[in-house]
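S.K.: Sharing a structure, written as structure tokens. Questions coming.
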Amino acid sequence: MNLLEMNHVQKSFDGLNVLKDISLSVKEGEVLSIIGPSGSGKTTLLRCATMLETMDAGELNYLGNKAVWNNEHGKAVYATNEQLKKIKEYYGLVFQSFHLFPHYSVIKNITDAPIHVQKKSKEEAYRTARELLKKMGLEEKENAYPYQLSGGQQQRVAIARALALNPKILFFDEPTSALDPELTGEVLKVIRSLADMHMTMVIVTHEMAFARSVSNRIIFMDQGVIAEQGTPEELFNSKNIRMKEFLGKLNEDN
Amino acid sequence: MDLNTILLELAKGMQVSIEIFAFTLIFSLPLGLVISFGRMAKNPIISTVTKFYISIMRGTPLMLQLMVVYFGPHYLFGMQLSLSYRFVAAIIGFSLNYAAYFAEIYRSGIESMPIGQYEAAKLLGYSRQQTFIKIILPQVIKRILPSITNEVITLVKDTSLVIVISVMEMFSYAREIASAQGIITPFIIAGAFYYLFNLFVAFIMEKIEKKLSYYR
């Protein structure tokens, strides 16, 4: 079954078409990377999928549950708040700049939503949180505050916080763009270990080598459309001119 | 009149000053939050009305506002006002005025919060109320505390303004004794009282700031 389906998604800001008719789907256990130049619409696509942004037209389904569909005029219609609340439990998002709650300790950042939103017991929430921190290699940091952590550590806490709600699919919005190369490595390692455990993930990234090795499928976006998609091998050997230009530029950078 | 008698007289007034101070904070701090919501409301009528309210409260003398609150009901509606209304009028006047200042301080704090905090809370499933109470407000309070301290210190000194509606607080007694006896001692004691009161306020606010400095 497709965990996520987006059909003919359109979004414009002040007359600028950022997303022009995007369709994609993600199967259970699949890792999909979205690459492309800045301004190609990758982040907007992710923000439409996670409903931080409202799309102008198109469909959005999670596990067959309709979140957004088109009315007879081809305008996007959203499900009721009650239905959306349930749908929102299917996914989590890891932000580029973490957005941890600075006034909460690491453990409280991870346990607060499970306790107060999902109404889990304190014991269960703390047990899950400690398991997650161990996976992230941060078991020593549960009482630290975000400002006491490095960027890489903060991002790993943010990943644990998202996982604590037990989402079916996890989105990453350029999870390492705010980190230096050394810290990037530790975050990518965590994402890779999640992939090894068959966590379903959609990752917007500029880390080409990482996208190539961790993904089942890659989408290359350019100027608001999916310019190319396929397996990493297909994509990195693509004859698509824009794709070649994009990869070529990256190589020059390196 | 010896020093003890003066002090005793002034002490009666100090109690009233402290009451005005305390009641004003109790009413104006929450009211200010409500007004700041109005000021930030998407509804243009609500936000315009609140903006106008704040502009009047900040743009006219507090002394005049006290007089309007106290004499207004009589001049406008011919109501007979009891003496005890003086104190009530003082609290109403102060609360309405300070709430306007507090509202703008709250607004500055709320609007300075990064949007990412709201988005993270939304993704984690917090309701709008939970997001504000648990995530936003605690951080806002930390940010605005220095500005709040400023206002609270001003309030201590402003309590002496109720003299215009003949509420007998410390400064009124001081002036009375000073003119009756032809001595300056009551004014010096009054000055010392306001100064020490504010020293105490600053001390408490610093304690709170320290308490909130466990995170950045």
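S.K.: Order the following by accessible area, largest value first: B:Y106, B:Y85. Probe radius 1.4 Å; ligands, DNA and RNA are ignored.
M.R.: B:Y85, B:Y106
S.K.: Connecting C-alpha atoms closer than 10 Å in a GNM of chain B, tell me which of B:F37, B:F23, B:F200 has the biggest fluctuation.
M.R.: B:F200
S.K.: Rg to Rh ratio, the protein assembly as shown, alpha-carbon atoms and Kirkwood radius?
M.R.: 1.14
S.K.: Ignoring ligands and nucleic acids, what accessible area does B:K12 show with a 1.4 Å probe (Å², nearest 10)?
M.R.: Only protein atoms counted, so the area is about 100 Å².
S.K.: Follow-up question, since we're still on this one. Calculated from DSSP H runs of 4 or more alone, at -39500 (n - 2.57) each and per residue, what is the 222 nm mean residue ellipticity of chain A, nearest 500?
M.R.: Helix contribution divided over all residues of chain A: -11000 deg cm²/dmol.
S.K.: Under a crude label model (7 Å from the Cα following the beta-carbon direction), how far is B:T154 from B:F132 in nanometres?
M.R.: Output for this residue pair reads 2.5 nm.
S.K.: What do you get for GluC sites (Glu not before Pro) in region A:55-95 restricted to DSSP loop and a cutoff of at most 13 other Cβ within 10 Å of the site's Cβ?
M.R.: A:E72
S.K.: While we're looking at this one, here's another question. If I compute solvent accessible area with a 1.4 Å probe over the protein chains, what percent of it on region A:105-166 is carbon and sulfur?
M.R.: 42 percent
S.K.: With the cut-off at 27 Å, report for chain A the share of all Cα pairs above it, as a whole percent.
M.R.: It works out to 38 percent of all Cα pairs.
S.K.: Moving on. Amide H neighbours of A:V31 under 5 Å, at least 5 residues apart or on other chains, H built in the peptide plane: list them.
M.R.: Amide H neighbours of A:V31, under 5 Å, 5+ apart: A:M201, A:N216, A:R217.
S.K.: Long-range amide H contacts for A:G36: which residues qualify at under 5 Å (H placed 1.01 Å from N, peptide plane, sequence gap of 5 or more or a different chain)?
M.R.: Under 5 Å from the amide H of A:G36 lie the amide H atoms of A:M221, each far enough along the sequence or on another chain.
S.K.: Counting alpha carbon pairs within less than 8 Å and at least 6 residues apart, what relative contact order, in whole percent, applies to region B:3-212?
M.R.: 30 percent
S.K.: Tell me the accessible surface of B:D158 in square angstrom (1.4 angstrom probe, heavy atoms of protein chains only), to the nearest ten.
M.R.: Solvent-accessible area, nearest 10 Å²: 40 Å².
S.K.: Mind checking the log10 I(q)/I(0) for region A:25-132 at q = 0.09 Å⁻¹? Debye, one equal scatterer per Cα, no solvent, two decimals.
M.R.: -0.33
S.K.: From the phi angles alone, apply the Karplus equation (6.51, -1.76, 1.60; θ = phi - 60°) to region B:21-29 and give each ³J(HN,Hα) in whole Hz, x where the residue is Gly or Pro.
M.R.: Taking θ as phi minus 60°, the curve returns 4, 5, 4, 4, 5, 4, 8, 7, 5 Hz for region B:21-29.
S.K.: Additional query: Relative contact order for region B:90-181 using alpha-carbon pairs under 8 Å, separation at least 6, rounded to a whole percent?
M.R.: Once divided by the residue count of region B:90-181, the mean separation gives 30 percent.
S.K.: Starting from the amide H of A:V225, placed 1.01 Å from N in the peptide plane, find each other amide H under 5 Å away whose residue is 5 or more places distant or on another chain.
M.R.: The answer is A:K20.
S.K.: Now a separate question. Chain A: longest stretch without exposed trypsin sites (Lys or Arg not before Pro) (DSSP loop, at most 16 other Cβ within 10 Å), sites themselves excluded?
M.R.: Within chain A, the longest run free of exposed trypsin sites (Lys or Arg not before Pro) spans A:1-74.
S.K.: In whole Hz, with x marking every Gly and Pro, tabulate ³J(HN,Hα) for region A:151-161 from phi via Karplus 6.51 cos²θ - 1.76 cosθ + 1.60, θ = phi - 60°.
M.R.: x, x, 5, 4, 5, 5, 5, 4, 5, 4, 4
S.K.: Mind checking the per residue accessible area of the protein assembly as shown for me, 1.4 Å probe, whole number of Å²?
M.R.: I get 50 Å² per residue for this part.
S.K.: A follow-up question, please. At a 1.4 Å probe radius, carbon and sulfur cover how many percent of the accessible area of region B:3-212?
M.R.: Here carbon and sulfur together make up 69 percent of the probe-accessible area.
S.K.: If you don't mind, there's one more thing I want to ask. Once phi is turned into ³J(HN,Hα) by the Karplus curve 6.51 cos²θ - 1.76 cosθ + 1.60 with θ = phi - 60°, what whole-Hz value does each residue of region A:98-105 show in order, with x for glycine and proline?
M.R.: Listing the rounded values in order: 6, 6, 5, 8, x, 8, 10, 5 Hz.
S.K.: I've got another one for you. With all distinct Cα pairs included, what does the Kirkwood hydrodynamic radius of chain B come out to in Å, to one decimal, could you say?
M.R.: Every distinct Cα pair counted, the radius reaches 19.5 Å.
S.K.: Pop out a list of residues from region B:115-138 that are at least 30 Å² less accessible with all the protein chains around than in their chain alone; 1.4 Å probe, no ligands or nucleic acids counted.
M.R.: Listed by number, the residues meeting the 30 Å² cut-off are B:G116, B:Q117, B:E119, B:A120, B:K122, B:L123, B:L124, B:Y126, B:Q130, B:K134, B:I135.
S.K.: Next question. Give the Cα extents of region A:103-163 along the principal axes, in whole Å, largest first.
M.R.: Result for region A:103-163: principal-axis Cα extents of 31, 23, 17 Å.
S.K.: Taking both sides together, what accessible area is buried at the A/B interface, probe 1.4 Å, expressed in Å² and rounded to the nearest 100?
M.R.: Adding both sides of the contact gives about 2000 Å².
The values are calculated or read from the model by the stated rules, or taken from the named source; none is laboratory data. Not measured: the values here are computed from a predicted model. Ideal geometry is used to build each Cβ from the backbone, glycine not excepted, and the neighbour counts take in all protein chains shown. Heavy atoms of the whole protein, side chains included, go into the accessibility calculation; ligands, DNA and RNA do not. Shrake-Rupley method; radii C 1.70, N 1.55, O 1.52, S 1.80 Å.
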